[in-house]
Amino acid sequence: MRIALAQINPTVGDFAGNFAKISSFYAQATEAGVELVLFPELATCGYWPADLLEKESFVERAEETLAKITALTAGAGKPAVLCGSPMRAERPGGKHVRNVAVVMDEGKIRFVQTKMLLPFYDVFDEQRYFEPATEQGLTMIKGQPVAITICEDAWNDKMFWPRQMYPVDPIEELMRQWAVLPQSMGGQRLILNISASPYWHDKCDVRYKMIGALAKRHRATVAMVNQVGANDSLIYDGASFVMNPEGELLAKSRAFVEDLVIVDTATASRLPVDEATEEAETARTWDALVVGTRDYLRKCGFRKALVGLSGGIDSALVAAIAVEALGPENVMGLGMPSGFSSEGSVTDARKLAENLGIDFDLAAVGKIFEQFTETLEPFFAGTPFGLAEENLQPRIRGSLLMALSNKTGALVLTTGNKSEMATGYCTLYGDMVGALAVIADCYKTEVYKLSRYANREREVIPVATLTKPPSAELRPGQLDTDSLPPYDVLDPILRAYIEEYAPAEEIARAQGVELELVRKVIRLVEINEYKRQQAAPVLKVSKKSFGMGRRFPIAAVRQ
């Protein structure tokens with residue numbers, strides 16, 4: 001079958017805009033002479049709509065959009081469409097909405113398959129909203145039998161995963177049905193999967209291996225179309241592809257951009273699979289953060305971003321990402337030195353701004369800090385300079401950034417990384433203020449890798465910023481290592497605890513570090529949960545992000 005994978009970037013709730021994209025891609029596919037066009041999961045409304053699904057009017061508009069898509073297929077020689085959407089449930093009990101894949105052809109809805117496996121881990125909570133399918137069935141498209149699945153329905157292969165998440169495997173059931181088809185109909189097995197599968201590190205490689213194993217096991221051609229773009233914290237890489245029955249790649253789309261891929265499943269030749277290297281994954285993470293930043297601002301109706309530039313590597317990386325996402329004309333940098341800031345902080349920030357071509361201004365906070373401390377003197381009398389005075393400085397800076405944001409309409413991007421967020425090395429209502437936490441799912445060691453990637457073609461982030469010891473500069477001579485272990489020691493501990501839930505003893509043994517140090521790091525993570533839950537939305541790039549996928553109580557006895 002000659003099919004098209006229409007990898008689109010929908011906006012949640014923008015039914016008119018999403019239909020316009022679907023219509024445009026359908027027209028291009030029609031011109032290319034395909035028989036079937038695949039669109040992603042929930043393409044009519046965008047993924048993830050969350051509690052919008054509780055509104056009847058939202059589901060009605062999705063169904064109205066389906067009707068408009070169905071009308072596109074009317075007429076001789078038009079390709080069929082397979083598109084994801086919410087749809088009202090048929091049963092009187094249970095949830096009132098389904099997550100469906102709809103086949104439309106010749107101006108009619110020909111088949112509806114409801115999603116069976118509803119994920120309920122990490123960022124997913126589909127069981128909250130959707131009524132699951134009770135059965136799976138093959139259908140015919142243009143005279144050929146096909147098996148249709150929706151995202152998670154293809155992720156429960158007992159031969160691939162060491163532990164199945166669900167008691168049933170929709171693919172197995174569909175293949176059993178295929179096995180009893182008349183010989184004249186049961187030739188080339190074709191499995192179609194429409195997805196909204198968010199990006200995280202190594203996700204593309206996992207998909208290739210999983211779908212490749214599934215294709216080989218069932219001797220089937222598998223086509224997967226994935227959403228692209230970002231909605232809130234979730235970033236979708238697209239990276240749609242087709243695998244042949246040998247588990248070899250037949251076609252693939254570009255990642256992190258809208259794309260239309262045409263493939264004839266009967267005649268397509270094998271393609272090489274990109275090697276999964278650390279350098280390649282750093283490039284994907286960069287692209288993900290750029291797309292996440294661009295779409296967050298664009299879909300929220302903003303054009304400009306504001307970044308507090310300290311001369312440090314975190315703010316430099318955020319500014320570099322923002323410039324690639326929005327253009328230098330739409331990024332503003334503000335330096336806010338205090339009496340504890342080194343001269344290099346200002347010169348490095350200014351050099352960064354020049355390299356990026358962005359507007360840069362200074363707003364010294366020394367006098368404001370003095371006024372604060374004078375006002376607080378009666379309350380602080382007899383106490384040494386400490387955390388309260390240190391945190392006053394980022395809170396002053398946060399107030400200045402938010403005032404400029406209110407005045408200019410530019411959204412503030414926070415600059416804290418995952419290592420800082422995890423250990424509480426950040427200030428509530430200070431450096432945590434802002435609309436989007438761009439790198440809060442990137443450990444400090446990843447920040448350095450991404451910064452070197454930013455400099456891949458020319459010096460964007462000044463060499464001095466990359467080489468100087470990291471410091472918050474909130475007291476004389478301060479270094480991050482005064483409070484934290486070196487990041488090459490800290491980050492593996494955090495990764496093991498946050499992403500693998502490994503116990504302290506296992507981490508200490510595996511990494512060859514002192515148990516007491518591991519316990520100290522874990523304690524920092526636990527006591528700072530209240531801070532993390534007040535952070536701006538975090539762009540997810542890891543398997544276990546520091547955003548909506550992490551759900552821990554604040555008031556709890558830790559074990």
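Every number in this text was worked out from the coordinates using simple rules, so none of it is lab data. Keep in mind the model is a prediction, meaning the values are calculated, not measured. Quick reminder, even Gly has a Cβ in these numbers, built from the backbone with ideal geometry, and neighbours come from all protein chains shown.
A few notes on this one:
- Shown is the FRET efficiency for VAL273 and CYS300, computed with R0 = 35 Å from the Cβ-Cβ distance and rounded to the nearest 0.05: 0.45.
- Degrees between helix 278-299 axis and first principal axis of the chain (Cα, 0 to 90, nearest 10): 90 degrees
- With respect to the chain, whose longest principal axis is taken over its alpha-carbon atoms, helix 170-179 is tilted by about 20°.
- Tensor-based shape of segment 164-257 (alpha-carbon gyration tensor, a/c under 1.5 rounded, otherwise prolate or oblate): prolate
- Prolate/oblate/rounded call for segment 2-266, Cα gyration tensor, a/c under 1.5 rounded: rounded
- Computed about its Cα centre, the charge dipole of segment 2-266 is approximately 580 debye, with only Lys, Arg, Asp and Glu carrying charge at their Cβ.
- For the chain, DSSP calls about 55 percent of its internal beta bridges antiparallel.
- For segment 144-213, trypsin sites (Lys or Arg not before Pro) meeting the loop criterion (DSSP other than H, G, I, E, B) and having at most 16 other Cβ atoms within 10 Å: LYS158, ARG163.
- Potential lengthening between LEU181 and ASP359 on full extension [0.36 nm per residue; Cα-Cα distance subtracted]: 57.4 nm
- With both labels modelled 7 Å from their Cα along Cα-to-Cβ, the ASP264 to THR383 distance reads 7.7 nm.
- Only one residue of GLN227, ILE141, GLY13 has its Cα farthest out toward the positive end of the dipole of segment 2-266, where Lys and Arg carry +1 and Asp and Glu -1 on Cβ, and that residue is ILE141.
- When the Cα positions of PHE379, VAL103, GLY344 are compared along the charge dipole of the chain, VAL103 comes out farthest toward the positive end, with charges on each C-beta of Lys, Arg, Asp and Glu.
- Loop trypsin sites (Lys or Arg not before Pro), segment 1-83, which have at most 14 other Cβ atoms in a 10 Å radius of their Cβ (DSSP): LYS55
- Across segment 324-339, rounded Karplus estimates of 3J(HN,Hα) from the backbone phi angles (6.51 cos²θ - 1.76 cosθ + 1.60, θ = phi - 60°) give 5, 6, 10, x, x, 5, 10, 10, 10, x, 10, x, 9, x, 10, x Hz, Gly and Pro being marked x.
- Cross-link pairs LYS520/LYS543; LYS78/LYS540; LYS55/LYS544; LYS520/LYS540 - those with Cα-Cα distance over 32 Å: LYS78/LYS540
- Cβ-based exposure ranking for GLU246, GLU389, in which fewest neighbours within 10 Å come first: GLU246, GLU389
- Ranked by how many other Cβ atoms sit within 10 Å of their own Cβ, fewest first, the residues ASP441, ASP287 fall in the order ASP287, ASP441.
- Gyration tensor verdict on segment 81-195 (Cα atoms; rounded if a/c is under 1.5, prolate if a/b is larger than b/c, oblate otherwise): oblate
- About its Cα centre, the dipole of the chain is roughly 1040 debye, where the only charges are +1 on Lys and Arg Cβ and -1 on Asp and Glu Cβ.
- Packing, as the average of other Cβ atoms within 10 Å across residues, places the peptides 233-242, 522-531, 342-351, 372-381 in the order 233-242, 342-351, 522-531, 372-381, highest first.
- Placed amide H near ARG88: partners under 5 Å, 5+ positions off or other chain: ARG98
- Cβ-placed point charges (K, R +1; D, E -1), dipole of segment 278-411 about Cα centre in debye, nearest 20: 620 debye
- Furthest towards positive pole of dipole, GLN393, SER310, THR265, structure part the chain, Cβ charges: THR265
- Computed helical MRE - 222 nm, the chain, DSSP H runs ≥ 4 contributing -39500 (n - 2.57), nearest 500: -12000 deg cm²/dmol
- With neighbours defined as other Cβ atoms within 10 Å of a residue's Cβ, the residues TYR487, TYR121 order from fewest to most as TYR121, TYR487.
- Amide H contacts of ASP237 (H built 1.01 Å from N, under 5 Å, at least 5 apart or other chain): TYR199
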